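Everything on this sheet refers to the single structure shown next.
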Amino acid sequence: MRPLPTDYSPYSETYVSLVRSNDIRSALPESYTHLKYFLDSIPESKAGYVYAPGKWTVKVVLQHAIDTEKVFAYRAMCFARGEQQPLPGFDQDEYAANADVSARTLEGLKEELLLTRKLSILFFENLRNEDWNKKGIASNHPVTVLACAYIIVGHWLHHEKIFKEKYQL
């Protein structure tokens, strides 16, 4: 059960393609274990690290991951519940600029990301079969509930890959 390319924006292919599983119902809970393992490996000394000028710190990337997961879980909930109104896009740079993480601890961000993923898992595991293919409009593109779940898992995998390649984590 994978989303079709017509089930999400072309931009989201980056994330959907990173999810290897064809069974998102098992990939979501497995993603929690994988996420926890990776987050546990991030040392406090890397919290403020940036790999190049103008790039986000580790803490900002974690806040971005939290925000993005909440947005896509909200979209999935709206569409599963039959929302017909188009949902707005969001500007990740604007969100990052307005999310002051300076007073946040690395541990607090890790905890919030894990709790956010747990909430996503609980939401998706309680959907009816017919809910997965419900579709709505977000950021001026059609997207299904199923695609939102794949985007959630793939978005983190995308950032984990960057963390490993650019942040040496």
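What follows is calculated from the coordinates using simple rules that are stated; it is not laboratory data. This is a predicted model, so every value here is computed, not measured. Methodologically, a virtual Cβ is constructed for each residue, glycine included, from the backbone with ideal geometry; neighbour enumeration extends over all protein chains shown.
Within region 68-146, the ratio Rg/Rh, alpha carbon atoms throughout and Rh by Kirkwood, equals 1.04. Placing a label point 7 Å from the Cα of SER139 along the Cα-to-Cβ line, the residues of region 1-38 whose backbone N sits under 17 Å from it are 3-19.
Computed about the Cα centre, the dipole magnitude for the chain is approximately 240 debye when only Lys and Arg (+1) and Asp and Glu (-1) carry charge, each at its Cβ.
Only one residue of ALA147, TYR37, ASN129 has its Cα farthest out toward the positive end of the dipole of region 5-166, where Lys and Arg carry +1 and Asp and Glu -1 on Cβ, and that residue is TYR37. A straight chain from GLU94 to GLU30 at 0.36 nm per residue would run longer than the Cα-Cα distance by 19.9 nm. Could you tell me which of rounded, prolate or oblate describes region 30-107, using a ≥ b ≥ c as the square roots of the eigenvalues of the alpha-carbon gyration tensor, with rounded for a/c under 1.5 and, failing that, prolate when a/b is larger than b/c and oblate otherwise? The shape class here is oblate.
Rounded to the nearest 10 degrees, what's the angle between the helix 145-166 long axis and the longest principal axis of the chain, both from Cα atoms, 0 to 90? The answer is roughly 20 degrees. What's the local net charge at SER21, with K and R +1, D and E -1, over the other residues with C-beta under 14 Å away? Every neighbour counted, the sum reads +1. Once both labels are positioned 7 Å from their Cα atoms along Cα-to-Cβ, the gap between ARG20 and SER41 label points is 1.4 nm. In terms of its C-alpha gyration tensor, region 1-59 comes out oblate, because a/c is 1.5 or above while a/b does not outweigh b/c. Taking the Cα centre of each part, how many Å lie between region 80-149 and region 7-52? Region 80-149 and region 7-52 have Cα centres separated by 14 Å. Residue-wise HN-Hα couplings along region 74-90, as the Karplus relation 6.51 cos²θ - 1.76 cosθ + 1.60 with θ = phi - 60° gives them from phi, are 4, 4, 4, 4, 4, 5, 4, 8, x, 4, 9, 6, x, 9, x, x, 9 Hz; Gly and Pro carry x. Pairs of lysine residues in region 48-125 that meet both criteria, 8 or more places apart or on different chains and Cα atoms under 15 Å apart, total 4. Model label points for LEU114 and TYR74, set 7 angstrom from Cα along the Cα-to-Cβ axis, are 2.5 nm apart.
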